[in-house]
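A.B. asks: Here it is, the structure in full.
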Amino acid sequence: MPGPYKRKKYHFGDTHLKKRWRTKRRTKDLDEIDHDINHKAEPLLNQEIDVDRPGNAQFYCLHCARYFISEEAMKDHFRTKVHKRRLKALELEPYSIEESERAAGMGSYIAPKKRKMQTQPLKSEESTAKRSDDDGDDIMDDLNKDSK
Ligand SMILES: [Zn+2]
């Protein structure tokens, strides 16, 4: 037979389906992240130095449950598709037991609420934003005193 032996791979199996369940880079589920945002945002964003985590656990994206090595890396991540997609996914309230009961005919159906998700403020930007806010308030107080 002329030419090289044809050994091209045509069958890729179900790897694309299995990929979803790989555990190597698996982080939290969306409902866990939702709980974190509502109840544990502060401690997660201000974590103790942990040398086992990337960047000593000082740069954590709340919405993706991921650690970054530096503020630069985290900023870059905020601009990526994965992060924006995650914010979009978190806009809808997570599926709850109450919702499943409503679906089964207990009580009336309430559509899951839409809400606005925002990227967490960076630590460096947070402090400057607070300072300017305080200044603004002071000016407003002074104006009010003058008018009285
Ligand atoms: Zn993120």
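The values are calculated or read from the model by the stated rules, or taken from the named source; none is laboratory data. Computed from a predicted model, the values in this text were never measured in an experiment. Because the Cβ atoms are built from the backbone with ideal geometry, glycine has one as well, and the counts that use them run over all protein chains shown.
A.B. asks: Would you be able to tell me the number of residues in region 86-96 that are part of a helix (DSSP H, G or I) and either away from the ligand (no atom under 16 Å from the Cβ) or surrounded by 15 or more Cβ atoms within 10 Å (Cβ to Cβ) (or both)?
C.D. replies: Pass one, region 86-96, residues part of a helix (DSSP H, G or I): 86-91.
Going one step further and asking which of them are either away from the ligand (no atom under 16 Å from the Cβ) or surrounded by 15 or more Cβ atoms within 10 Å (Cβ to Cβ) (or both), we end up with 86-87, 90.
Total meeting the criteria: 3.
A.B. asks: Determine, yes or no, whether Ala73 is out of contact with any strand residue (DSSP E or B) (no Cβ under 8 Å at 6 or more places or on another chain) and within 16 Å of the ligand (Cβ to nearest atom).
C.D. replies: When the stated conditions are applied, Ala73 passes them.
A.B. asks: Which of the residues spanning region 24-45 are surrounded by fewer than 11 Cβ atoms within 10 Å (Cβ to Cβ) and either touching a helix residue (DSSP H, G or I) at 6+ places or on another chain (Cβ under 8 Å) or modelled with pLDDT of 80 or more (or both)? Talk me through it step by step, then tell me what you get.
C.D. replies: Here is the first cut: in region 24-45, the ones surrounded by fewer than 11 Cβ atoms within 10 Å (Cβ to Cβ) are 24-26, 38-39, 42-43.
Listed by number, the residues that qualify are Arg26, Asn38, His39, Glu42, Pro43.
A.B. asks: If Glu99 satisfies all but one of (1) over 14 Å from the mean Cα position of the chain (by Cα); (2) of a type outside the set (S, T, N, Q); (3) modelled with pLDDT of 90 or more; (4) assigned to a helix (DSSP H, G or I), what's the number of the condition it fails?
C.D. replies: Of everything listed in (1) over 14 Å from the mean Cα position of the chain (by Cα); (2) of a type outside the set (S, T, N, Q); (3) modelled with pLDDT of 90 or more; (4) assigned to a helix (DSSP H, G or I), Glu99 misses just condition (3).
A.B. asks: List every residue pair whose Cβ atoms lie under 8 Å apart, where the two residues are 6 or more positions apart in sequence or sit on different chains, the first residue falls within region 77-88 and is charged (D, E, K, R), and the second residue, located anywhere, is near the ligand (Cβ under 8 Å from one of its atoms).
C.D. replies: Note: pairs meeting the criteria are Arg86/His63; Arg86/Cys64.
A.B. asks: Please enumerate the residues belonging to region 56-70 that are farther than 22 Å from Asp34 by Cα and either within 14 Å of the ligand (Cβ to nearest atom) or without any contact (Cβ under 8 Å) to a residue 12 or more places away in the chain (or both).
C.D. replies: Within region 56-70, just Asn56 meets the criteria.
A.B. asks: What number goes with the only condition from (1) in a helix (DSSP H, G or I); (2) away from the ligand (no atom under 14 Å from the Cβ) that Asp36 does not pass?
C.D. replies: (2)
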